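Working notes, beginning with the structure itself.
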Amino acid sequence: MKRFLLSAIAVMAFGFVNAQNGHFKIGAHTGLPIGDASDLFTINLGVDAAYLWNLGDKFSAGATTGYTIYSGKRETYNYGGMSYENKIKDASFIPVAGTAQYSINNNLFVGLDLGYAFFLGQNSVGATDTGGGVLFQPKFGYQNNKIELFATYKSISDDRSLSSLNIGFNYKF
């Protein structure tokens with residue numbers, strides 16, 4: 001997998017050097033955790049920034065980063081007439097990824113972000129955790145000259161997978 005990621009980055013870097021123009025975009029997304037993540041988290045929120053170079057009429061590639069957080073659930077337990085509350089810690093990440101986008105026509109596109117999401121937080125014993133996981137995020141959306149509206153499946157995985165279905169908005173400069 002590491003060889004694949006390094007190869008993909010090398011191909012994109014070569015394309016960036018040869019590209020003539022591009023665009024910057026910033027945006028936000030929200031989504032619902034799915035699978036095992038839905039047992040622990042209530043919502044996924046984030047902000048995104050990307051720069052893409054036009055490599056052809058319908059194809060662009062670049063780099064993306066941002067911040068994404070999965071908000072932990074609160075659970076209340078009643079035991080012996082007493083009420084106890086447990087809050088699962090939030091999980092936040094900074095993704096660093098290559099991104100590619102293909103325009104099906106003037107308004108519809110498909111895309112893919114592939115990279116690594118760095119975990120920001122503490123592990124269960126309170127020590128700073130420097131882990132993270134591979135980020136895989138296919139996209140489908142609507143675009144015009146200034147905005148993008150999109151839907152994604154996001155997966156951050158190492159030993160386990162943290163997944164969500166998201167919708168988002170980007171403004172293009």
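The values are calculated or read from the model by the stated rules, or taken from the named source; none is laboratory data. The structure displayed is predicted, hence computed values, not measured ones. Cβ coordinates were reconstructed from backbone atoms using ideal geometry, including for glycine residues, and neighbour counts include every protein chain displayed. Surface areas here come from the heavy atoms of the whole protein model, side chains and all, with no ligands, DNA or RNA. Shrake-Rupley method; radii C 1.70, N 1.55, O 1.52, S 1.80 Å.
Report relative contact order for region 27-173 in percent, whole number only (criteria: Cα-Cα under 8 Å, sequence separation at least 6). Could you put the intermediate results ahead of the total?
Working: 387 pairs, mean separation 31.5, N = 147.
The value is 21 percent.
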Formal net charge of residues neighbouring residue 108 (Cβ-Cβ distance under 13 Å; K, R +1; D, E -1): +1
Net charge contributed by nearby residues that have their C-beta within less than 13 Å of residue 31 (K/R +1, D/E -1): +1
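Can you bin region 61-173 into rounded, prolate or oblate? Criterion: square roots of the alpha carbon gyration tensor eigenvalues sorted a ≥ b ≥ c, rounded for a/c under 1.5, prolate for a/b above b/c, oblate for the rest. Each step should come with its number before you reach the end.
Values: a/c = 3.16, a/b = 1.99, b/c = 1.59.
It comes out prolate by the Cα gyration axes.
Just the number please: accessible area per residue for region 27-85, 1.4 Å probe, all protein chains included, in Å².
On the way: 3480 Å² over 59 residues.
I get 59 Å² per residue for this part.
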Distant-in-sequence amide H partners of residue 90 (H built 1.01 Å from N, under 5 Å): 72
Under Karplus coefficients 6.51, -1.76 and 1.60, residue-wise ³J(HN,Hα) of region 73-81 in Hz, glycine/proline x: 6, 9, 10, 10, 10, 10, 9, x, x
HN-Hα J in Hz across region 140-148 - Karplus 6.51, -1.76, 1.60, θ = phi - 60°, x for Gly and Pro: 9, x, 10, 9, 9, 5, 10, 10, 9
